[in-house]
1. Mind counting the residues in segment 29-47 that are in a loop (DSSP other than H, G, I, E, B) and surrounded by 12 or more Cβ atoms within 10 Å (Cβ to Cβ)?
2. Of all residues being β-branched (V, I, T) and assigned to a loop (DSSP other than H, G, I, E, B) in segment 70-120, which is modelled with the highest pLDDT? Just the residue, please.
3. Being more than 17 Å from E177 (Cβ to Cβ), in contact (Cβ under 8 Å) with a residue 24 or more places away in the chain and either part of a loop (DSSP other than H, G, I, E, B) or under 13 Å from the mean Cα position of the chain (by Cα) (or both) is the requirement here; does E146 meet it?
4. Restrict the check to segment 89-107 and report whether at least one residue is among the hydroxyl-bearing types (S, T, Y), surrounded by fewer than 21 Cβ atoms within 10 Å (Cβ to Cβ) and over 26 Å from N46 (Cβ atoms).
5. Q19 versus (1) exposed (fewer than 14 other Cβ atoms within 10 Å of the Cβ); (2) under 25 Å from P160 (Cβ atoms); (3) touching a helix residue (DSSP H, G or I) at 6+ places or on another chain (Cβ under 9 Å): which is the lone unmet condition?
6. Please work out if Y159 is part of a loop (DSSP other than H, G, I, E, B), among the aromatic types (F, W, Y) and free of Cβ contacts under 8 Å to residues at least 40 places away in the same chain.
7. Suppose the filter is assigned to a helix (DSSP H, G or I) and surrounded by fewer than 20 Cβ atoms within 10 Å (Cβ to Cβ); does N173 pass it?
8. Criterion first (aromatic (F, W, Y), out of contact with any His (no Cβ under 6 Å at 6 or more places or on another chain), buried (at least 20 other Cβ atoms within 10 Å of the Cβ) and more than 18 Å from G161 (Cα to Cα)) does Y53 satisfy it?
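The values are calculated or read from the model by the stated rules, or taken from the named source; none is laboratory data. For clarity, every value in this text was computed on a predicted model and none was experimentally measured. Glycine also receives a Cβ, built like all others from the backbone with ideal geometry; neighbour counts cover every protein chain displayed.
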Amino acid sequence: MKKLFLLSIFSLFTYSCIQVYGLTNDYGKLPEEQKSLISPLESFENLENGKIYTLNSNQLKEELKKHPKSLVYVFTNGCTSKYCLPMNVYISYAEANDYQLFLVMNGYGRLNETLDQEAEVPYFAIDNEFYSVTNRSKYFRYFENELMDLPKETKHKEYPGNLFFFENGEFQNVSIELPKNLASNQ
């Protein structure tokens, strides 16, 4: 009985130390210092580098119309895939190819891994409340589908990618990696 009690205590302790990320936007897991960096987007004017502005696809699409060429990178903080490059690679690519860049987080888990890169840009995050959904995979699918002018409920057989290219606000294509023929500083 004593062993069972100790095993129960150990299991409870171990379970309480593990944090699962990615089921929701993970805002509740952030320390107050990081929460203070996040605010709803009111305007694209006077954005501060290092701050995070929540937005929805409608707001972003209106802003995209103001730029001849735009690149929207929707990413997961702390991603270790070969398709998730450091922020400076996307920034350099956008600058070298005359794209207005929008870096959009799909949640806040492992936020420090993005902030530690100290990129001199404002960040954006998908406003899941706009979509009335807490499930991350669902609201970020809605957001991406709307960027591509698809019905938000559309389900894809294969993941189309997270790099969205626009010209004068018109969706051109989506890719899982930067085009090699135009990529620079990689």
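1. Total satisfying the criteria: 5.
2. Once the filter is applied, the top-ranked residue is T76.
3. When the stated conditions are applied, E146 does not pass them.
4. no
5. With respect to (1) exposed (fewer than 14 other Cβ atoms within 10 Å of the Cβ); (2) under 25 Å from P160 (Cβ atoms); (3) touching a helix residue (DSSP H, G or I) at 6+ places or on another chain (Cβ under 9 Å), Q19 is out only on (2).
6. It is true that Y159 is part of a loop (DSSP other than H, G, I, E, B), among the aromatic types (F, W, Y) and free of Cβ contacts under 8 Å to residues at least 40 places away in the same chain.
7. When the stated conditions are applied, N173 does not pass them.
8. Judged against the criteria, Y53 is a match.
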